[in-house]
Structures are given as C-alpha cells and as structure tokens.
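The values are calculated or read from the model by the stated rules, or taken from the named source; none is laboratory data. The model shown is predicted, which means the values in this text are computed figures rather than measured ones. With ideal geometry, Cβ positions are generated from the backbone for all residues, glycine too; neighbour counts draw on all protein chains shown. Calculation scope for accessible area: heavy atoms of the full protein, side chains included, ligands and nucleic acids excluded. Shrake-Rupley method; radii C 1.70, N 1.55, O 1.52, S 1.80 Å.
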Amino acid sequence: MELDDRKIMILNAVIKNYMETGEPVGSRTISKLPGCTLSSATIRNEMYDLEEMGYLLQPHTSAGRIPSDQGYRFYVNEILKETDSEMQALKRQFVARVDRLESVLRRMARIAADHTNYAAVISGPCTSRAPIKLLQLSKMDENRLLVVLVLEGNLISNRILTLRQPVGDAELLHLNILLNTRLNGVSLQDAEAEVLEKLLRDAGESRELVAFLLAELRRMLTEEEELQIYTSGATNVFRYPELTDGGGAKRIISTFEQKKRLKRIVIDAVEQTGEEQESIQVFIGEESPVPEMNDCSIVTARYDLGSGLRGTIGIVGPKRMDYKKVLNTLHDLMREMDENFGGDDG
C-alpha cells in the first residue's frame, strides 16, 4: 500500500514531534497542530495503518507512536527529494541570472569606456559577505563529497572534496542538518567567532570534518571571485600624451592584462574608503592604492545587488580627466544596475 497525502502528513507530524520531544506522539497531539483539520479518531485510524505498514511503532499499548527505521528512512528520502528539487530550480535561476549579470557588466564596461574615452573596469559581485541560503553535501563515493553552496541572490558554487576518512550516511545527514541550521542566513566573512565555535562544539566527533568543510567553503568563495573582472577601453590611455611618456601607458596596459592585479586594485580602492563613506570615490595620482596608477586618476563606484553582493565600477584616465562627465556616467550606470537587479530575487 502506498502512502497517500494524509498518511504522509501524519507520519511527518509524528516524526517532527518525536524529534523535538523524545516522547511517543498521540492522535490528540497531532489534531492540535496548526492547520490540522482531522479528528483524533481519523488520525488514530491512520496511525494504526502506518503501524501496520511498518512506518510507526507503539512502545506500549496505551502510549502514542514513535517512528520506526522505515519511517525515518521515508522522512529522510522526502527531505532529500525536496532538496534536490529546490536545488535544480535554483540552478536554473542561477544560470539565467549569471548569464544576465555577465552580459550587463560587460555592456556597462563598454558604455563607461565609450562615454568617457577612458579605460573602464568592473568587478563581479563579491560573494564573501553574502549570507548562506543552502548548503548541500552529497556523497559521491566513500572518500569524496560534492559540496553545493547556495548564497542569497541564488548564486551557486560547487566543488568535489576528497576526505581523509570515509563519511557514513548517518553522519552526512547529521552534518547537512547541523550546517544548514547553524549557517543559514550567516555570512562566513562576517560570522562571529562564537557562532563558528558553537558549530564546532555541536559537531562532536565530526568536529575535524566540519573545520575542514568551513575552510573549504571560504576557499570556494575566494576563488569564485578571482576572475570576475570585465574591462573595456584600455587602449584609450594612448590618447593622452602625459600617459604615454616614460612608459606610463605600457604599465597601465600591463596592469589591465593582469586580472588578479586589477581585481586587487579595484577592491583596495573601495576598502580604503570604509563602509560608512560615499560609494563613489576619486583617487588622484599618488592617492592611488597601486604604484602603476600613480600617473592617473581613478574614480570608483560601489554597486550593491542586495544580500551582501557588492562589486565595483572603476574608470581610469589622466589626472586632467573630465571628472564631471565621469561622475555623471557612473551615476547613470549605477541607476541602470539598480533597474536591472534592484530587488531581484533571482
């Protein structure tokens, strides 16, 4: 006999209640749950059927029911099925969002360079401060885990990890529940030390594995950001004699070709401003955070997609750049970004 929706609802209610209280669950307890419209007698009959089918046990004649191993297995399979379904939906959203975001960022870099006749650089959104929405650990074999990390904004990262020791199904289920309970809505970058310490304490015998997973999650977030950089108009620097004298243009072009270096330039420029200052900053000459740009002015603007997802737009030109035009261009681009992604959940 297959479980119908009513039996599934009652079985799930019994399991959840028993997991919370550790006490056998009776029909009256289920009937009082929010949203339940069934009578105690109906619930009692359904629980009897579930017992006959092997999903529930009755430890004593007058007591309520507790889940059997078969009942727990059904519950876990349903959780995994729901998680997989949600993950597939999130992946579809993610692909559409990333394609759209990359297209918008590339176009914005081109517009910034074309409108100003200077060089433009845009970094993809920094994910290290984005809160965790979902974390899924799936066993590929005894010593390898697939880790799928979903951040607010439905940005997804995944990685296959090789473990020092095998992990069992029960331990893996425990880790999935523990990590999602403790890390949901938490940014690893901003997580308080006591939150992570409590997580490690709650991990018990899995403490070493959890510490390893946390380190790998941080590494995933860092590496995801390494190459998200979009540039346009680098050769515009040759328009300005003061930048071509003494090899200045060559140094600038070389810096534009080094994405890791360029990423650090953009991030350093924003970090020097601090969180409380204006999102648009101007660095003139030696105020530049890197020596390669000391002959230039850099104007940076921070964009914010919400959920802790931030990036930077930068325009690099001579010190005599048309600052008013640059600032107006950046304001226009920020407005376009807000129109494209403001309040967008996926």
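Annotations for the structure displayed:
- Estimated FRET transfer efficiency when R0 is 35 angstrom, pair residue 63-residue 5 (beta carbons, to 0.05): 0.85
- Exposure ranking of 9, 334 by accessible area [1.4 Å probe, largest first]: 9, 334
- Packing around the peptides 13-21, 160-168, taken as the average count of other Cβ atoms within 10 Å per residue, puts them in this order, highest first: 13-21, 160-168.
- For the pair residue 215 and residue 70, label points projected 7 Å from Cα toward Cβ lie 4.5 nm apart.
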